[in-house]
Amino acid sequence: MGYVFPHRHLLGIEQLSREDILFLLDEAEPWVEFNRRARKQDERLRGLTQFNVFFENSTRTLFSFEVAGKRLGAEVANFHTVGSSVQKGETLIDTAYTLDAMRPGVMVIRHSETGAPHQVAEVVGCPVINAGDGTGEHPTQALLDALTMRRRLGRIEGLKVAICGDIRHSRVAGSNLKLLPKLGAEVRLVGPAALLPDDPCEAAAYEELDEGIAGCDVVMMLRIQRERMEESVSGSLADFHALYGLTLERLDRAAPGALVMHPGPMNRGVEIEGALADHPTRSAIREQVEMGVAVRMAVLDVLTRE
Ligand code: NCD
C-alpha cells in the first residue's frame, strides 16, 4: 500500500508530518498547470457539498476555496455571518450543528477566535479545513507559500526565510513557523519587540530589518493586524515604514535574487513599497494567490477521498 493521508481534518500545520506536507504539495502541483488552461473542469468532487463558513472578512482565501471547489465539480455554498443568525446571538457550536444537519461533505472555516475550527471539527460529521483561526493557524496559506518557494527557488531545504512585521498577531506566521523547519528551512523573525511572538518556535528574532534579512533567500512581509491587537501599538505608520518597510533598495541586503512574499492584504507604503510589491521578478505575491487555488484543490480532494 502506498502512502495514505492520515488526517480527517486540516486544522493546523502542527498536526502534519514532513511526509504529509510534501504529499499535499505534490498533490497540488498538477493543478497549477490545469488552472492555466482556458477551460478547467474536473469532476472528482461531483456530488460533494462544500460549505465555506466565514465569520471574518476574506478576499483571497474565501474566493480561492470557492474557485477550487468549483473547478473540481463540488457544489459550493458560502455562509457569511453578516445577515445570519450569528447576529442574533447564535453560538459557534449551534451554528455548526445547524450547518452540519444539512449534511455537507466538507466545511471550510474562518473565525476570529483561535481554536474555533477545532471546536467545530469535534461536533460535525464531515472534514473541517481551517481557513484561519484568530492568531492561531492558517495552514493552507503556509502550504501555498511553500509551493511558491519550491517552484520559484527549486527547493525549501536549506533556504533562509525572514518573516517580517507583525508576527505576534499573524496566523500566517504561526503556520509558516511550523511548516518551514519541518522542510529544513531556517526561519528568522524580524519586527519590533512588541510585535514578536512569545514563542518563536526556535526561530532567531531580530529587531532590525537590515540585519534580519541579510543573506535571506525569501523575505515574507506581514501587515500590521490592528483588529487582532488587544492594546494599540504606539508610533505612526510612517515611522513603521521607515524602520520596517521593505523597499527594493533594502532588499539588496538579502541574498541575490531573493524572493519577496506577502499573504495579503498588503498596505502599500507601510510594510512594503508599492513598486517592490509589483516588481516583475522579485515579487511572488500574485503567484502566491495562484498557488493558493492549486493547494486548496489538493486539500479538498485529499480530505474527501472515500
Ligand atoms: C491573512 C489572514 O487572514 O490571515 N490573509 C490571508 O488569508 N491571505 C493575513 C492578514 O489578515 O493579514
Practice item. Any chance you could look up the accessible area of residue 110 with a 1.4 Å probe, heavy atoms only, rounded to 10 Å²? Key: 20
Review point. Based on Cβ point charges of +1 for Lys and Arg and -1 for Asp and Glu, what charge dipole magnitude is obtained for the chain about its Cα centre, in debye rounded to the nearest 20?
Key: 1120
Exercise for review: Report residue 243's accessible area, 1.4 Å probe, all protein chains in place, as a number in Å² to the nearest 10.
Suggested key: 110
Practice item. Any lysines with Cα under 29 Å of the residue 178 Cα? List them, leaving off those in the same chain fewer than 8 positions away. Key: 160
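For segment 141-265, which whole-number percentage of the solvent-accessible area (1.4 Å probe, protein heavy atoms only) is attributable to carbon and sulfur atoms? Provide the component values of the computation, followed by the final result.
Working: 2410 of 4980 Å².
Carbon plus sulfur share of accessible area: 48 percent.
Dividing the alpha-carbon radius of gyration of segment 247-306 by 2.2 N^0.38 Å (N being the number of residues), what value is obtained? Kindly include the intermediate steps, with their values, before the conclusion.
Numbers: Rg = 15.2 Å, N = 60, 2.2 N^0.38 = 10.4 Å.
For segment 247-306, the normalised Cα radius of gyration is 1.46.
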**Study point:** Over segment 189-265, relative contact order from alpha-carbon pairs under 8 Å, at least 6 apart, %
**Key:** 39
Review point. Tell me which lysines have Cα within less than 22 Å of residue 40's Cα, excluding those fewer than 8 residues away on the same chain?
Key: 70
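Mind checking the full-extension length gain between residue 41 and residue 63? Use 0.36 nm per residue of separation minus the Cα-Cα distance, one decimal, nm.
Numbers: separation 22, 0.36 × 22 = 7.92 nm, distance 1.70 nm.
Length difference between fully extended and current span is 6.2 nm.
Give me the accessible area per residue for the chain, probe 1.4 Å, as a whole number in Å². Working shown, then result.
Values: 13460 Å² over 306 residues.
Per-residue accessible area for the chain comes out at 44 Å².
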Exercise for review: Please arrange 61, 281 by accessible surface area, largest first, computed with a 1.4 Å probe and ligands excluded.
Suggested key: 281, 61
Point to revise | When the convex hull of its Cα atoms is projected in every direction, mean area for the chain (nm²) | key: 16.2
Review point. So what is the calculated 222 nm ellipticity per residue for the chain, using -39500 (n - 2.57) for each DSSP H run with n of 4 or more, over all residues, to the nearest 500 deg cm²/dmol?
Key: -11000 deg cm²/dmol
Exercise for review: Please work out how much length the chain gains when fully extended from residue 91 to residue 194, using 0.36 nm per residue of separation minus the C-alpha to C-alpha distance, in nm with one decimal.
Suggested key: 33.8 nm
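The values are calculated or read from the model by the stated rules, or taken from the named source; none is laboratory data. Just so it is clear, the structure is predicted and the values come from calculations on it, not from any experiment. Glycine also receives a Cβ, built like all others from the backbone with ideal geometry; neighbour counts cover every protein chain displayed. Ligands, DNA and RNA are stripped out before the accessible areas are found, and what is left, the full protein with its side chains, is counted by its heavy atoms. Shrake-Rupley method; radii C 1.70, N 1.55, O 1.52, S 1.80 Å.
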